[in-house]
1. Counting only protein chains, not ligands or nucleic acids, how are 165, 255 ordered by accessible area (probe 1.4 Å), most first?
2. Keeping all protein chains in the complex and leaving out DNA, RNA and ligands, what accessible area do you get for residue 482 with a 1.4 Å probe, in Å² to the nearest 10?
3. Compute, for residue 79, the solvent-accessible surface of its heavy atoms (probe 1.4 Å) with the complete set of protein chains present, and express it in square angstrom to the nearest 10.
4. So, in Å, what gap is there between the alpha-carbon centers of segment 131-153 and segment 388-455?
5. Keeping every protein chain in place, order 471, 195, 77 by accessible area at 1.4 Å, biggest value first, i.e. largest first.
6. Using a 1.4 angstrom probe on the protein heavy atoms only, line up 430, 386 by accessible area, largest first.
7. Please tell me the relative contact order of segment 445-511 in percent, rounded to the nearest whole number, where contacts are Cα pairs under 8 Å and at least six residues apart.
8. What ranking, highest mean first, results for peptides 403-416, 173-186 when packing means the other Cβ atoms within 10 Å averaged over each residue?
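The values are calculated or read from the model by the stated rules, or taken from the named source; none is laboratory data. Values in this document were obtained by computation on a predicted structure and should not be read as measured data. Cβ sites come from the backbone with ideal geometry, for glycine too, and all protein chains shown count toward neighbours. What goes into the accessible areas is simple: the full protein's heavy atoms, side chains included, and nothing from ligands, DNA or RNA. Shrake-Rupley method; radii C 1.70, N 1.55, O 1.52, S 1.80 Å.
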Amino acid sequence: MEDCLGSDDEYYYSDQDSLDGIENEDSDPQWIPPKGTTTKVITKESLLSAQKEDLRRVMDLLFLREHHARTLLIHYRWDVEKLFAVLVEKGKPCLFSEAGVTLVEHEDLDPPLPNSPVMCAICIEDVPSVDTTKMDCGHCFCNSCWTEHFVVKINEGQSKRIRCMAHKCNAICDESVVRNLVSKRHPHLAEKFDRFLLESYIEDNKRVKWCPSTPHCGNAIRVEDDEFCEIECTCGLQFCFSCLSQAHSPCSCLMWELWAKKCRDESETVNWITVHTKPCPKCHKPVEKNGGCNLVSCICGQAFCWLCGGATGRDHTWSSIAGHSCGRYKEDKEQNAERAKRDLYRYMHYHNRYKAHTDSFKLESNLKESIQKKVAVSEEKDSRLRDFSWVNNGLSRLFRSRRVLSYSYPFAFYMFGEELFKDEMTKEEREIKQHLFEDQQQQLEENVEKLSKFLEAPFDDYKENEVMDIRMQVINLSAITDTLCQKMYDCIESDLLGSLQLGIHNIAPYKSKGIEKASELTVCWVNKANNADKDLRLHCGTSGGSTEPEQPSGSGSSDESGCSSRKRARKGALGGGFFDLNLPAEVIDKSDS
């Protein structure tokens, strides 16, 4: 279920005049232009820039080359703040050793001559020293062994963290060495390796997830603050960032998963069969009684008693069956039937109201076009009332409140049932909280229906004074429903979910302006090493191992605007047709085509 407003212009932007006459002083409609969004859409073109943004922060702080910074960030799942916290708490040596980063250069006192033979410790063969490669950790093996090792790891899906071949060495191999050696023999694997490194920013980053649209739009979404939020991608899909299903607050992700499964599987059909049918004692098929006495015949020919389900003969009267007596009370069967009936009726109560509001939302979504026509007709009239932004504002509030109201019923089904929180509340506490929630739910429902009624009114045919009355009603009801939605969320977060011992149920916060629309991340990336990073650098100093204060590899130069200048492709590092992470995305696309 998505909010049915097209552009940002149709959000809660109204001049101050449209707020005159609001009598509810407790409500705060907050009809102000939104600030810049903190949620970004990462496209194929901006993926490289987004990745370099975090790489630059780590490179500038720790004076590292790009592949070392990438190794650190992949290990800490691209959580820059966590990386900095470990740096402050444990220091550089521990930070680097845990991630497999080796910065101490191992130099031989007597380096071998270029053509002198060197024995490889893996294949136990003498090879020219020019055909060997030494990693940062100091281990040196022949290029053939290195290449085969890299190929195996890439095929196994371990491209992002390929470790040194030496026994008990946890150092991560230099990505440029991997790329260079693999591309000479297996160009397609080198391309696969680069793609995995690039996409690790999304796959391993808890702040970034693919948009779940079908067919896939190719976008990823990055959030800066809380991962329990609802986002609208530029493709128009609204979804929960935490579980990637449709936006479902005030339901928690677990509640919505259980509710969706309950609605689509046959669990309630089984309940209905349990309540209204009984199994044949011979073929065990469910049999429904449609009238008559208590002797029931199955299609298989077996006769049985409807009261107890036992097999009988066909000789019977209206009040008794020959040779059969079932007057004894069987508690278990009666209790199971009553429990199944109660559970079914309870589910039907919440499902019917959930579906009613969902259907109303779909019908009201079709109002947008007809209401726009009414607004156009009204604006052409010679009237003092020229500003009709209250109509779009009211329509937006109606969609928002209707969606909240719809999902409040699945929430109530699980919140006050025994499936999830049986041991969390006593019966008395559950009843008190249920009455409190249902009162708020009823108030919201009444005002939402009133708002829908006034918006559906043919105000284009009304006189000016009647239009003014409707205008004030819509403005007041919009503010009231907004306040009631906020109070319902506060009740859920503080009084209901907040009192639970297990904090596994979190909901997206309520936003008066609706689900936040993600904005596209600009292709140019800036140096975001803020004052906190500088203070951290001063605090950490250069303790705990050698650093590389020279210009980090792959950093490029920056102009005054903070956008980095594009680097040229490194000659000799790659075979033709394969892209480098230092290349812009558009260059990569051209090289693939």
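1. Most to least solvent-accessible, the answer reads 165, 255.
2. The value for residue 482 is about 10 Å².
3. Approximately 30 Å² of residue 79 is accessible to the 1.4 Å probe.
4. After rounding, the separation between the Cα centres reads 62 Å.
5. The residues order as 77, 195, 471, largest area first.
6. Largest to smallest exposure gives the sequence 386, 430.
7. Numbers: 26 pairs, mean separation 19.9, N = 67.
This gives 30 percent for segment 445-511.
8. Top to bottom by mean Cβ count within 10 Å: 403-416, 173-186.
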